[in-house]
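Taking it in order: structure first as structure tokens, then the write-up.
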Amino acid sequence: MASSSSLSCIKRYQVFSSFHGPDVRKGFLSHLHSVFESKGITTFNDQKIERGQTIGPELIQGIREARVSIVVLSKNYAFSSWCLDELVEILKCKEALGQIVMTVFYEVDPSDVKKQSGVFGKAFEKTCQGKNEEVKIRWRNALAHVATIAGEHSLNWDNEADMIQKIATDVSNKLNLTTPSRDFDGMVGLEAHLTKLNSLLCLECDDVKMVGIWGPAGIGKSTIARALYNQLSSSFQLKCFMGNLKGSLKNIMGVDDYDSQKSLQKLLLAKILNQGDMRVHNLAAIKEWLQDQRVLIILDDVDELEKLEVLAKEISWFGSGSRIIVTTEDKKILKAHGINDIYHVDFPSEEEALEILCLSAFKQSSILDGFEELAKEVAELCGNLPLGLCVVGASLRGESKHEWELQLSRIEGSLDGKIEDILKVGYARLSKKNQSLFLHIACVFNNEVVDDVISVLSDSKLDVGNGLKILSDKSLVHTNGHIEMHHLLQTLGRQIVHEQSDEPGKRQFLTEAEEILDVLTNETGTGSVIGISFDTSNIGEVSVSKEAFEGMRNLRFLRIYSNWLGGEVTLQIPEDMDYIPRLRLLHWARYPRKSLPLRFQPERLVELHMPHSNLEKLWGGIQPLLNLKSIDLSDSMRLKEIPNLLKATNLEKLKLRYCLSLVELPSSISNLHKLEILDVEFCSKLKVIPTNINLASLEEVEMSHCSELRTFPDISSNIKKLNLRYTMIKDVPPSVGCWSRLNHLNISSRMLKILSHVPPCITTLILKDSDIERIPESFIGLTRLYLLSVDSCRKLKSILGLPSSLKVLDANDCVSLKRVRFSFHNPIHTLGFNNCWKLDEEARRGIMQKSGYRYICLPGKKIPAEFTHKATGRSITIPLSPGTLSASSRFKASILILPVERDVFRTIRCSIRSNGGVKVHSCERSYLSLPLRSEHLFIFHDDLFPQGNKCHEVDLTMSEITLEFSCDFGDDKIVECGVQIMAEEAEGSSSRELDNFETGGNNNHHTDGDEVGDGDGDGDNEAEGFKFAQDENIKTSKRMLPKTRENSGSSPLAQVPRCKRICIRRYGD
């Protein structure tokens, strides 16, 4: 086969047509080329070429210089050796150069082309007479291949003119998709944006569609819209890009109200109809002119619903197949206009942001040597905003490293004027209340939990809930449980506050460390200050004035923190400081004193967070704490006493982890009936917990590594998650068996020798490192159990009761385990039996018969017999007969791994290639593994080909397929591999079921008894006369399951509910 370099050349033509002249030249083809010409599509002209027995160099050159080849297959196409040689050359260019090949089956059946049968076959046989076998095989293969390329079939069309228009539109779209305008070559990620937008636009649909492009200022919406316009415009006779629509109608048109609306309609009609002297008498003009026309209209930077109403009020204004695209920063405008197909332009990834910066700063896509760290810092400061990256990159172009370093501090503290002007527009259009909320977020509440911010600001006049929605709709914040404001917008907000006064103590918020230190040292704070956010990372050790806070009587939010994880207390306060204002929020990391000032009044507090403090206690006596919702004193290692919380009746979270001096919890917690989370993890001296109480709202209790705790925390029957890992607790009391909400229980400990009582609603049960010896048959009754971990239970000998709901079983390092019984045939997600070398033969057979969606791992010394294709090493090539595969074919693989010493996250990968080494798919399996002390088998299922949008690209005519396995702990560790191509029936009864078990698919399927290997044959397996349970009463049909493939192209964990994914990844917690 010719190399791509020998085939590559300048693309002089957009289309090359391969056809049999007498069949189509004077009719179909002439009409098609005429439509091509009207759309500006250039075609190769063969009229002057003398045809002979073989194609000459002019034709070969024409094929190679075309972007698209159209093969018109007619009844007598195969009667010409010239046509057949053209076809071979076209398919060479398709494979080597990625040339687009389109087909038209003109009055001929595709199956006749593929099989060379019927009238088409007779013509082919005549042409083959006198030809050698090599030429005939080459032609046959080319015809068989081209027949599988989807195209237009003339017999399916009533109107040939419509078919020609459809072909021309398809060619135009493909040309535009493969050759976007060079005007936008510098835009990173453009192709992905256009692909997603084309999917939303659904151009093949005849309905009128309105689509929105939404995102913050400077993200690239207008650039994407212009590139999209360039791509689509050739498909529309009438099109218009209306830019610069931001601002009032008066500012745009220069007149008011009705006249300005008519003028705006006139402007659009003049553009789209190319008529400069348009007259518009009323606001029905657009509908009157365009209701029967297929149009493409892009309305860029719309900031008022009124403009959208004037220019595109209803879809009835436009003809069938029209597309109206609106870009805006305000999602609310789109929703109010009934536009539901909205493309959100998100921030680029870190890699894409660096590429944008490099293109602007270095005129290349990669970082110059020596600028790596500087470039990353600049990209981070620009918050990955494309506009910021371009502007800042351009300002640094050609500068030395020293100049970059000098500019970094300037970039960090202020915005470039161009960026600021753009970003400030969105802020200026907010109401006064929402401007205030914007500043609160920029200065104090960025990256905070939405509900927490609503609570802290509940006493203000700000409508935080609705305000956040408005800010989000205008792309000024993003809310997803947390409030996220872009770094550049945060900088804008802080600059606006900075401009309130030249004196820091007279501003609303203080955020600059040096200015805050000056105010606290010189006592210059005033009643204007309501919030301080003080990063002490770089201030060194300093002391503030005794009366530092005296002047700031209206201070409501005090946040003192350090971005350094370690280090000593750097901010010292005098022992005689006795006043801190009546705060709503007090976050003070590394607080230096043993208690809070005497005059501190906590009755307004909503959040009290003082991690890593020197506190021994907070205050004395009973304080009015009705507003308090959250206390976090984690890592306060000297804390000995929790205050009386009798009046903290609204407290929801109490976090005391790593309070190493804490011995008991106060009895007053019995009044905390709104408490949801109690976290005393690693409180190693904690012994006393109040009893005989039942906290109504308590859902999560963390007490792991409370190594002195001997009493089971029977403090609420409403708990959902209970972690008692590595405590002195020996058993679960009978009362817990009645807890109706407990779904996650971790009681991993060597002290645990028997588990008598487990709630029937449990979904995650972790008994890691315990001394239990058996999992009893009664566990079959735990009908909701999803994950069971008995990892490193070294005395465990048998697992006899496993419910059908189970999807994850971790029995790694259970070195005494011999017997395992599955009483069900449902597929399972993960089975881990690393280092369980005492498993008896029946247990091994049962484990390997299970359908493992994620993986199955167990000791073994040879590939099981069910894997019909085997090879030594890590690669296997499988010959294929015609019709063996479908686009949804799957495989089952088994690899033999040598012992591995390290205990790390491991990843096993599989690369799948067709003839000639062409990669068609890849997959991987990651798992946290103990060291493997002997050979192990790793078994898993997956798709042979990509699924979803790419499944139509699969070439199913390949004669062989190669699977190559690799691993990150050394490819030499894989010494043997085996593969089984899953038959359709097997897919229906096993692996296809795995696609459905999380989405309500039928689980009652029987896996046919494929022959299973002999096990490891090492003599270590001690049979105990135990038979693996096979329920003979279960009769199931061998029908195919519904193929729900929506998520199968993504990570297998993506199909598992989020809470269960967390269990799978972090069950040790």
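Below are the figures for this structure:
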read-out	value
Scope the stretch 756-790; condition surrounded by fewer than 21 Cβ atoms within 10 Å (Cβ to Cβ) and small (Gly, Ala, Ser); matching residues	756, 778, 781
Number of the condition not met by residue 753 [criteria: (1) surrounded by 16 or more Cβ atoms within 10 Å (Cβ to Cβ); (2) over 21 Å from residue 850 (Cα atoms)]	(1)
Residue match in the stretch 667-685 (condition: at pLDDT below 90 and closer than 19 Å to residue 641 by Cα)	no
Close pairs from the stretch 272-296: first in the same structural domain as residue 235 (by the TED database), partner open to solvent by 80 Å² or more (accessible area, probe 1.4 Å) and of a type in the set (Phe, Trp, Tyr), Cβ under 7 Å, at least 6 apart	273/289
Contacts under 6 angstrom Cβ, first residue in the stretch 482-497 being in contact (Cβ under 8 Å) with a residue 24 or more places away in the chain, partner open to solvent by 10 Å² or more (accessible area, probe 1.4 Å) and in a strand (DSSP E or B), 6 or more apart	482/449; 484/478
Residue within the stretch 121-144 that is aliphatic (A, V, I, L, M), in contact (Cβ under 8 Å) with a residue 60 or more places away in the chain, farther than 30 Å from residue 327 by Cα and surrounded by fewer than 16 Cβ atoms within 10 Å (Cβ to Cβ) present	yes
Which listed residue is in contact with a Pro (Cβ under 6 Å, 6 or more places away or on another chain), farther than 25 Å from residue 702 by Cβ and among the aliphatic types (A, V, I, L, M), from 780, 799	780
In the stretch 565-595, the residues that are part of a loop (DSSP other than H, G, I, E, B) and touching a helix residue (DSSP H, G or I) at 6+ places or on another chain (Cβ under 8 Å)	582, 583, 584
Some residue of the stretch 502-525 being outside any loop (DSSP other than H, G, I, E, B) and among the aromatic types (Phe, Trp, Tyr)	yes
Failed criterion for residue 817 (all others in (1) part of a loop (DSSP other than H, G, I, E, B); (2) hydrophobic (A, V, I, L, M, F, W, C); (3) within 19 Å of residue 894 (Cα to Cα); (4) open to solvent by less than 10 Å² (accessible area, probe 1.4 Å) hold)	(3)
Residue list for the stretch 707-717, filter: small (Gly, Ala, Ser) and surrounded by fewer than 20 Cβ atoms within 10 Å (Cβ to Cβ)	707, 717
Residue within the stretch 126-139 that is under 45 Å from the mean Cα position of the chain (by Cα) and assigned to a helix (DSSP H, G or I) present	yes
Those residues of the stretch 485-519 which are open to solvent by 40 Å² or more (accessible area, probe 1.4 Å) and more than 25 Å from residue 388 (Cβ to Cβ), in sequence order	502, 503, 506, 508, 518
Answer from 468, 476, 462 - the residue that is surrounded by 20 or more Cβ atoms within 10 Å (Cβ to Cβ) and either in a helix (DSSP H, G or I) or in contact with a Ser or Thr (Cβ under 7 Å, 6 or more places away or on another chain) (or both)	468
Check on residue 523, touching a residue at least 24 places away in the same chain (Cβ under 8 Å) and open to solvent by 30 Å² or more (accessible area, probe 1.4 Å)	yes
Counted residues, the stretch 350-363 - those being surrounded by fewer than 15 Cβ atoms within 10 Å (Cβ to Cβ) and either modelled with pLDDT of 90 or more or in a helix (DSSP H, G or I) (or both)	2
Residue 740 vs. criteria open to solvent by less than 10 Å² (accessible area, probe 1.4 Å), free of Cβ contacts under 8 Å to residues at least 24 places away in the same chain, closer than 29 Å to residue 789 by Cα and polar (S, T, N, Q)	no
Within the stretch 418-456, tally of residues that are assigned to a loop (DSSP other than H, G, I, E, B), touching a strand residue (DSSP E or B) at 6+ places or on another chain (Cβ under 9 Å) and open to solvent by less than 50 Å² (accessible area, probe 1.4 Å)	2
Candidate set from the stretch 8-27 (those that are modelled with pLDDT of 90 or more and in a strand (DSSP E or B)); member that is surrounded by the fewest Cβ atoms within 10 Å (Cβ to Cβ)	15
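Results for (1) in contact (Cβ under 8 Å) with a residue 24 or more places away in the chain; (2) open to solvent by 10 Å² or more (accessible area, probe 1.4 Å); (3) assigned to a loop (DSSP other than H, G, I, E, B); (4) within 24 Å of residue 757 (Cα to Cα), shown as yes or no for each residue.
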{"site": "669", "(1), (2), (3), (4)": "yes, no, no, no"}
{"site": "673", "(1), (2), (3), (4)": "yes, yes, yes, no"}
{"site": "705", "(1), (2), (3), (4)": "yes, yes, yes, yes"}
{"site": "719", "(1), (2), (3), (4)": "no, no, yes, yes"}
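Results for (1) of a type outside the set (Lys, Arg); (2) outside the structural domain of residue 791 (by the TED database); (3) modelled with pLDDT under 90; (4) in contact with a strand residue (DSSP E or B) (Cβ under 8 Å, 6 or more places away or on another chain), shown as yes or no for each residue.
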site	(1), (2), (3), (4)
844	no, no, no, yes
877	yes, yes, no, yes
891	yes, yes, no, yes
903	yes, yes, yes, no
911	yes, yes, no, yes
915	yes, yes, yes, yes
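The values are calculated or read from the model by the stated rules, or taken from the named source; none is laboratory data. It should be emphasised that the depicted structure is a prediction, and the values quoted were computed from it without experimental measurement. All Cβ positions, even for glycine, are placed from backbone atoms using ideal geometry, and neighbour counts span all protein chains on display. Side chains are part of the model used for accessible areas, which takes the heavy atoms of the whole protein and leaves out ligands, DNA and RNA. Shrake-Rupley method; radii C 1.70, N 1.55, O 1.52, S 1.80 Å.
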